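Colleague: The structure that follows is given in the form of structure tokens.
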Amino acid sequence: LGEITYKESQSTIRPFKRFKIKVRDEIVTLGEPSLVPTGSEPKLCPKEWLNALENKEKGKEDFYLIDVRNWYETEVGKFKGAIDPLTRTFSQFKDFVNSSIFKDKTKPVLMYCTGGIRCEKAYLYLKKQGFKEVWQLEGGILNYFKECNGKYFQGECFVFDHRVALNPSLNPSSVFKLCPHCGDPAQTAIVCKVCSKTAVICESCYLKLKHPLCSKNCANKLNHNFANLKKAS
């Protein structure tokens, strides 16, 4: 395995509420445990990545720009012009790679993720499928934010803790919260029908719920009240 790269960012709250260690066949589940990264896979440092994006913008370079993350992450932010695989889990990335969108496997591929871990596995799978030239963003989006201030990145970077996302200055998001119903990024403000508190939920849950509710607890209370009304009638 390659060396561990440590990344630091700010938080005014404890971002993780619990700590667990689990033994898994794959650190990120692609369904390819035999593909083991060595840490020596080709990478572009943030400044080289920025230079490639600038050349693509000017028409001097052409390559596939792939976001390796899931759809709820890309909705928060992604690089301009990036191909979104629209996956819910990383294991679906293989189906995306094998789709008809990639007709020319000699065309270079530049790919990125949050911190670079998923790209290590994605690189090996792309090479296994016959892609000739594959590069990954060294240290992922967070390292790019640190070195290049987020140029060409549209939005914020989703992170897997209670900060929800970091802006290009690596400060916690002031836009997104975690949806109390599903855990996805949320920015739709509501006033709870049960307790009258203000809250933020995701658009998907907002459309699914019959009433604006701030938590699963309030949802259970409302369902309980409706059940009692039906019994009384």
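Colleague: Suppose we keep only residues that are of a type in the set (A, V, I, L, M) and within 16 Å of residue 161 (Cα to Cα) within region 174-212. Which one would you say is surrounded by the fewest Cβ atoms within 10 Å (Cβ to Cβ)?
Modeller: Within region 174-212, the subset of a type in the set (A, V, I, L, M) is 175, 178, 186, 189-191, 194, 199-201, 207, 209.
Of the ones still in play, those that are also within 16 Å of residue 161 (Cα to Cα) are 175, 178, 186.
Numbers: 175: 15, 178: 17, 186: 24.
Once the filter is applied, the top-ranked residue is 175.
Colleague: Taking strands (runs of 3 or more DSSP E) that fall entirely within region 141-233, which contain at least 1 residues that are more than 15 Å from residue 78 (Cα to Cα)?
Modeller: Working: elements: 153-155, 188-191, 198-201.
In region 141-233, 188-191, 198-201 are the strands (runs of 3 or more DSSP E) which contain 1 or more residues that are more than 15 Å from residue 78 (Cα to Cα).
Colleague: Now for a separate question. What about residue 18, is it over 24 Å from residue 133 (Cα atoms), in a loop (DSSP other than H, G, I, E, B), over 18 Å from the mean Cα position of the chain (by Cα) and not acidic (Asp, Glu)? Step through it out loud before you land on a result.
Modeller: Working: over 24 Å from residue 133 (Cα atoms): yes; in a loop (DSSP other than H, G, I, E, B): yes; over 18 Å from the mean Cα position of the chain (by Cα): yes; not acidic (Asp, Glu): yes.
Yes; evaluated as a whole, the condition is true for this residue.
Colleague: Starting from residues that are surrounded by fewer than 16 Cβ atoms within 10 Å (Cβ to Cβ) and among the small types (Gly, Ala, Ser), keep the ones in region 213-233 and report whichever is modelled with the highest pLDDT.
Modeller: So the residue we want is 227.
Colleague: Condition test on residue 178, is it touching a residue at least 40 places away in the same chain (Cβ under 8 Å) and among the aliphatic types (A, V, I, L, M)? Lay out the reasoning, then the answer.
Modeller: On the way: touching a residue at least 40 places away in the same chain (Cβ under 8 Å): no; among the aliphatic types (A, V, I, L, M): yes.
Spelling it out, it is not the case that residue 178 is touching a residue at least 40 places away in the same chain (Cβ under 8 Å) and among the aliphatic types (A, V, I, L, M).
Colleague: Can you confirm whether region 30-45 contains a residue that is loosely packed, with under 11 Cβ neighbours inside 10 Å, of a type in the set (A, V, I, L, M) and in contact with a strand residue (DSSP E or B) (Cβ under 9 Å, 6 or more places away or on another chain)?
Modeller: Looking through region 30-45, none of the residues is loosely packed, with under 11 Cβ neighbours inside 10 Å, of a type in the set (A, V, I, L, M) and in contact with a strand residue (DSSP E or B) (Cβ under 9 Å, 6 or more places away or on another chain).
Colleague: Does residue 72 count as over 25 Å from residue 132 (Cβ atoms) and touching a strand residue (DSSP E or B) at 6+ places or on another chain (Cβ under 7 Å)? Lay out the reasoning, then the answer.
Modeller: Values: over 25 Å from residue 132 (Cβ atoms): yes; touching a strand residue (DSSP E or B) at 6+ places or on another chain (Cβ under 7 Å): yes.
Here the answer is yes, as residue 72 does meet what is asked.
Colleague: Given the conditions (1) part of a helix (DSSP H, G or I); (2) touching a residue at least 24 places away in the same chain (Cβ under 8 Å), report the number of the one that residue 81 does not fulfil.
Modeller: (1)
Colleague: Out of everything in region 88-106 that is of a type outside the set (A, V, I, L, M) and closer than 28 Å to residue 54 by Cβ, what residue ends up being surrounded by the most Cβ atoms within 10 Å (Cβ to Cβ)?
Modeller: Kept after step one, since they are of a type outside the set (A, V, I, L, M), are these residues of region 88-106: 88-96, 98-100, 102-106.
Filter once more, keeping what is closer than 28 Å to residue 54 by Cβ: 93, 96, 102-106.
Values: 93: 24, 96: 17, 102: 18, 103: 6, 104: 10, 105: 14, 106: 8.
Only one residue tops the list, namely 93.
Colleague: Among residues belonging to region 62-71 that are outside any strand (DSSP E or B) and touching a residue at least 24 places away in the same chain (Cβ under 8 Å), point out the one that is surrounded by the fewest Cβ atoms within 10 Å (Cβ to Cβ). Steps first, please.
Modeller: If we filter region 62-71 for residues that are outside any strand (DSSP E or B), which is where we start, we get 62-63, 68-71.
Remaining after also requiring touching a residue at least 24 places away in the same chain (Cβ under 8 Å): 62-63, 68-69.
Details: 62: 10, 63: 17, 68: 29, 69: 26.
Filtering region 62-71 for residues that are outside any strand (DSSP E or B) and touching a residue at least 24 places away in the same chain (Cβ under 8 Å), the one surrounded by the fewest Cβ atoms within 10 Å (Cβ to Cβ) comes out as 62.
Colleague: To continue, here is another question. I need every pair where a residue in region 20-48 that is not assigned by TED's automatic domain parsing to the domain that holds residue 142 has its Cβ under 9 Å from the Cβ of a residue that is assigned to a helix (DSSP H, G or I) and of a type in the set (Val, Ile, Thr), sequence separation at least 6 or different chains.
Modeller: From residues that are not assigned by TED's automatic domain parsing to the domain that holds residue 142, the pairs are 27/117; 28/117; 37/117.
Colleague: Of all residues in region 77-108, count the ones that are acidic (Asp, Glu) and either in contact with a Lys or Arg (Cβ under 9 Å, 6 or more places away or on another chain) or under 20 Å from residue 142 (Cα atoms) (or both). I'd like the intermediate steps shown before the answer.
Modeller: Restricting attention to region 77-108, the residues satisfying the condition of being acidic (Asp, Glu) are 84, 95, 104.
So of that shortlist, the ones also either in contact with a Lys or Arg (Cβ under 9 Å, 6 or more places away or on another chain) or under 20 Å from residue 142 (Cα atoms) (or both) come out as 84.
Within region 77-108, residues that are acidic (Asp, Glu) and either in contact with a Lys or Arg (Cβ under 9 Å, 6 or more places away or on another chain) or under 20 Å from residue 142 (Cα atoms) (or both) number 1.
Colleague: Sort out which residues of region 90-140 are without any contact (Cβ under 8 Å) to a residue 24 or more places away in the chain, outside any helix (DSSP H, G or I) and not aliphatic (A, V, I, L, M), and write them in order of number. Show your work before the answer.
Modeller: At the first step, the residues of region 90-140 found to be without any contact (Cβ under 8 Å) to a residue 24 or more places away in the chain are 92, 95-96, 99-101, 103-104, 127.
Now drop any that are not outside any helix (DSSP H, G or I), which leaves 99-101, 103-104.
Passing the criteria: 99, 100, 103, 104.
The values are calculated or read from the model by the stated rules, or taken from the named source; none is laboratory data. No experiment lies behind these values; they were computed from the predicted model shown. Counting neighbours? That spans all protein chains shown, and the Cβs are built from the backbone with ideal geometry, glycine included.
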